[in-house]
Structures are given as structure tokens and as C-alpha cells.
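Taking it in order: structure first as C-alpha cells, then the write-up.
The values are calculated or read from the model by the stated rules, or taken from the named source; none is laboratory data. Because the structure is predicted, anything quoted here is derived from the model rather than measured. Cβ sites come from the backbone with ideal geometry, for glycine too, and all protein chains shown count toward neighbours.
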Amino acid sequence: MERLNLNLLRALVVLLEARNVTQAAHQLHLTQSAMSRQLSQLRDYFSDPLLVREQNDYLLSAKAKQLFPKVQAILADVDSLKQETFHPASCQRRFRFACTDYVAQFIFPAVINRLQREAPGIDLIYEVWKPEHITQLGHLPLDMASTTLSVLPEGLHSIYLGQDNPVCLMAADHPLNTSQTVSLTQLADYPFVRLNSGGDKDSFIDKLLENAGLSRRILFEVPFFSAAFEVVASNECLMILPEHIAHAAMQQGHLSYCPLDMTMPENHYHLCWHELHDKDPAHAWLRECIADEMSRSMYSVSNSLAAQQPNI
């Protein structure tokens, strides 16, 4: 006998635990003759009696005593391949997360603090999210992403984080800040700052302007909200962005925002991952942790809008 299959290893452990062929056969749902044949195969393989009969009992041979803990460890490792028990405190992993710098700046410090408490061995690498990544998520070295999606592409899973609408961000002393709402004609009178990372937040404006025979000037295009906010706060540029982000920006500096007087798409926020990672216990724990912190944050879509005061 040259090979030892997994079933025989399991039979060996049960035989050495029970030290009785009849009891071992009962535990493995085998006939006594089948159990005896397996014991015979094990004896041939190890060239050892393994169980030595003494009166009405069996004793473990010296070889069996050596094998017992080793085989138990082997079977435990095999079983762990089927179902991993995840312990955050002992996890040593690095994950890549793509999102806008808004999430990285305002929400991720709380995520990192929580990881330091509960899973100090987990590291996060931030990457700027680009819209074209959404169809490539299974092929990129990204574990998850936070973005706006109206429909999830095939092969992606997500945790839904909430929704809001686009608004117009401007300096606090901007001429349009006295308006209750901002119209297409008013938008066309001013230059714009546009974000070129994250989800598609303002292309609908260009389509509406085109349909109305109007257009706009993009004065400054940048991937970072923080840089965009500074430019908007210092001159008469406008910026179209989600309301919860506009509300957070207003708290940070010389900024305000107004609703848009037009039909607009809703922004739907998701924490996404590819189905390749769906059954990974560490990944599942981390995404639930991140989603929880994102929902708790005062800068999240739900909490930010719930706390805001009417903009009059």
C-alpha cells in the first residue's frame, strides 16, 4: 500500500480515540468487517500493529502514540481549508480600498482607529477611485470600493449606504447664494470646478445645458475635493456635487450651497466588492466594519443630511 487517503486518516483517529473496532465502526457508520479492513490497511501502511489487544481491551502501540497528535493536526488543517475561523485580533492582512478623498479624509480616520482597537494587524492602502474601475473590479488589485451606482454590474456585491441629490456648491458670498434654487441659465453664467475621480457626479449638467442650447466652462479639474473646495471658496466658480458632501464642505470653510431647479439623477452610495472576495471571512469582517463606520460618521450621507439646517 503506497498511498494513504483522507478517509483512512480519519479512521485512524477514531480507532485510536475509541481503542475499539466495534465502537469505531459505529462512529463512522461502517460495518465491523469494513472497519477491520481499514485497520488492516493502516497496519500495513505503517508497518505497525497500532492497536495491541490485551484481554478485553486494546492498547496503543508506541508508534500509534506518536502518530495520534500528528494525524489530529493534519485533519484540523484540512478542515480549516473548508471553513476558516476568523479572529480579527490575530489577522495579518493588507487590503486595498478605492474611494474619493472625501471618504479618506473625513471617514477613514474613524475606520483606522477602530482597526487599531479590534484588528491591529490589518493595514489599508487607499487608492483614488476612477469610474472605469467599476467594470474591472475583479481584475484589479482592489478589495473594495465606495462609489455611487444606480445599478450594480454583474459579479459585484454591495452594502447600500444611502442616497441624496446633486446641489450647487459656491462661495458663501457668491451672487447666487441669495437664490432659493439655481437654474440652468444661472449655471451657464459662471465657470466650474469639476472632480475627475469617484463616480459620475455632474455630467448630467452638460446634457441638460446642451438640450437648452447652453454650455459651461470648466475652469479647474482636479481629483481631490479638498483642492476643489479651496478654489470654489476663493472666487465665483461653481461646483456640482452630492448634497451630503456639500454640507460637510460648508462646515469646513467659506462655502454654501443651493438646490438645483431641474430634474436630476439621484446619487446612490454603495460599498462594493467583487464576488471573488464574497466568501473571504477577513474580507467580510472588514467590509462590515467599514460600512458600519461609514453609516455612523457625521459625514455620511444619512447622518450629514439628518443634521443639516435649512439653507435659506
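Being in contact with a strand residue (DSSP E or B) (Cβ under 9 Å, 6 or more places away or on another chain), surrounded by 16 or more Cβ atoms within 10 Å (Cβ to Cβ) and farther than 22 Å from G162 by Cβ is the requirement here; does D261 meet it?
Numbers: in contact with a strand residue (DSSP E or B) (Cβ under 9 Å, 6 or more places away or on another chain): yes; surrounded by 16 or more Cβ atoms within 10 Å (Cβ to Cβ): yes; farther than 22 Å from G162 by Cβ: yes.
So D261 fits the description; yes.
Of all residues in segment 276-290, how many are surrounded by fewer than 16 Cβ atoms within 10 Å (Cβ to Cβ) and touching an Asp or Glu at 6+ places or on another chain (Cβ under 9 Å)? Explain how you work it out, then say what you get.
First pass over segment 276-290, keeping only residues surrounded by fewer than 16 Cβ atoms within 10 Å (Cβ to Cβ): 276, 278-279, 281, 284, 288.
Narrowing further to those that are touching an Asp or Glu at 6+ places or on another chain (Cβ under 9 Å): 281, 284.
So the answer is 2.
Restricting to segment 120-135, give me the number of residues that are over 21 Å from T148 (Cα atoms), among the aliphatic types (A, V, I, L, M) and loosely packed, with under 15 Cβ neighbours inside 10 Å.
Residues flagged as over 21 Å from T148 (Cα atoms), among the aliphatic types (A, V, I, L, M) and loosely packed, with under 15 Cβ neighbours inside 10 Å within segment 120-135 amount to 0.
Which members of segment 256-273 meet the condition of being of a type outside the set (S, T, Y) and in a strand (DSSP E or B)?
Going residue by residue through segment 256-273, those that are of a type outside the set (S, T, Y) are 258-262, 264-268, 270-273.
Within segment 256-273, C258, L260, N267, H268, H270, L271, C272, W273 meet the criteria.
Would you point out which residue out of D261, D292, D278 is free of Cβ contacts under 8 Å to residues at least 24 places away in the same chain, farther than 15 Å from R194 by Cβ and among the charged types (D, E, K, R)?
Working: D261 fails: free of Cβ contacts under 8 Å to residues at least 24 places away in the same chain; D278 fails: free of Cβ contacts under 8 Å to residues at least 24 places away in the same chain.
Answer to the check: D292.
Could we say that L276 is at pLDDT below 95, in a strand (DSSP E or B) and among the aliphatic types (A, V, I, L, M) here?
On the way: at pLDDT below 95: yes; in a strand (DSSP E or B): no; among the aliphatic types (A, V, I, L, M): yes.
So L276 does not fit the description; no.
What is the number of the single condition among (1) touching a residue at least 60 places away in the same chain (Cβ under 8 Å); (2) surrounded by fewer than 17 Cβ atoms within 10 Å (Cβ to Cβ); (3) under 19 Å from L241 (Cα atoms) that F86 does not meet?
(3)
Tell me the strands (runs of 3 or more DSSP E) entirely within segment 20-116 that contain at least 2 residues that are farther than 30 Å from S300 by Cα and not aliphatic (A, V, I, L, M). Even if it seems obvious, please write down each step before you answer.
Working: elements: 51-54, 57-60, 93-99.
Counting at least 2 such residues, we get 51-54, 57-60.
Can you pull out every residue in segment 5-34 that is surrounded by 15 or more Cβ atoms within 10 Å (Cβ to Cβ) and touching a Ser or Thr at 6+ places or on another chain (Cβ under 8 Å)?
Residues satisfying the conditions are V21, A25.
Among the residues of segment 242-301, what is the count of those that are within 30 Å of L176 (Cα to Cα) and of a type in the set (A, V, I, L, M)?
The number of residues fulfilling the criteria is 11.
Filter segment 119-141 for residues that are over 21 Å from F106 (Cβ atoms) and at pLDDT 90 or above and give the result.
A119, P120, G121, listed by residue number.
Across segment 215-255, what is the total count of residues that are surrounded by fewer than 20 Cβ atoms within 10 Å (Cβ to Cβ) and assigned to a strand (DSSP E or B)?
5
Please go through segment 143-183 and give me each residue that is in contact (Cβ under 8 Å) with a residue 60 or more places away in the chain, among the aliphatic types (A, V, I, L, M) and not in a strand (DSSP E or B), ordered by number. Write out each step before concluding.
We begin by selecting, within segment 143-183, every residue in contact (Cβ under 8 Å) with a residue 60 or more places away in the chain; these are 143-150, 152, 155-177, 179-183.
Filter once more, so that each one left must be among the aliphatic types (A, V, I, L, M): 144-145, 149, 152, 156, 159, 161, 167, 169-172, 176, 182.
Passing the criteria: L149, L152, A172, L176.
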